[in-house]
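Colleague: So that we are looking at the same thing, I have put the structure below in structure tokens.
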Amino acid sequence: MANQEGILKNIKLLYVEDEEEVVEQMSFLLKKRLGKLRIAKNGKEGFEMFMDERPDIILSDLKMPIMDGITMAREIRRYSKTPIIITTAFSDKDIILKAID
């Protein structure tokens, strides 16, 4: 277990989420485990942070103002194959399948 925690301490994660309460809860948990956590409030800000910081992993909400998670992921894919995890509170099958594609 200690070795796994050491590996996580080398990870730089970009977390993109527009809901402040969710950001507070998740960042509390993530900061304990990861080496570096950057937080963006929408997809546009997330894309800009990605270009500046080149994180190892991106964790993003699906529905956000200014630029949604899918649009941000498409923009990032033009430059990188960085793993992107999309989260959502919605259960619309079409939206979820679009995120997977």
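The values are calculated or read from the model by the stated rules, or taken from the named source; none is laboratory data. Given the structure is predicted, the values throughout are model-derived calculations rather than measurements. Methodologically, a virtual Cβ is constructed for each residue, glycine included, from the backbone with ideal geometry; neighbour enumeration extends over all protein chains shown. Ligands, DNA and RNA are excluded from the accessible area calculation, which covers all protein heavy atoms including side chains. Shrake-Rupley method; radii C 1.70, N 1.55, O 1.52, S 1.80 Å.
Colleague: Could you give me the residue pairs with C-beta distances under 6 Å whose first residue belongs to the range 71-82 and is under 11 Å from SER60 (Cβ atoms), whose second residue is open to solvent by 20 Å² or more (accessible area, probe 1.4 Å) and of a type in the set (Phe, Trp, Tyr) wherever it lies, and which are 6+ apart or on separate chains?
Modeller: Cβ pairs passing all conditions: MET72/PHE47.
Colleague: I'd like to check something: does the range 6-25 contain any residue that is within 23 Å of ALA89 (Cβ to Cβ), basic (Lys, Arg) and assigned to a loop (DSSP other than H, G, I, E, B)?
Modeller: Scanning the range 6-25 turns up no residue that is within 23 Å of ALA89 (Cβ to Cβ), basic (Lys, Arg) and assigned to a loop (DSSP other than H, G, I, E, B).
Colleague: Hey, another quick one. Pick from the range 21-39 the residues that are of a type in the set (D, E, K, R) and within 16 Å of ASN10 (Cα to Cα): which of them is surrounded by the most Cβ atoms within 10 Å (Cβ to Cβ)?
Modeller: Going residue by residue through the range 21-39, those that are of a type in the set (D, E, K, R) are 21, 24, 31-33, 36, 38.
Next, only the ones that are within 16 Å of ASN10 (Cα to Cα) stay: 31-33, 36, 38.
Values: LYS31: 13, LYS32: 10, ARG33: 13, LYS36: 14, ARG38: 16.
The selected residue is ARG38.
Colleague: Let me ask you something else. Given the options ILE11, ILE70, ILE76, name the one that is modelled with pLDDT of 95 or more and among the hydrophobic types (A, V, I, L, M, F, W, C).
Modeller: ILE76
Colleague: Still on this structure, I have one more. When the residues of the range 40-69 are narrowed to those that are part of a strand (DSSP E or B) and surrounded by 18 or more Cβ atoms within 10 Å (Cβ to Cβ), which ends up farthest from the chain's Cα centre (by Cα)?
Modeller: That would be ALA40.
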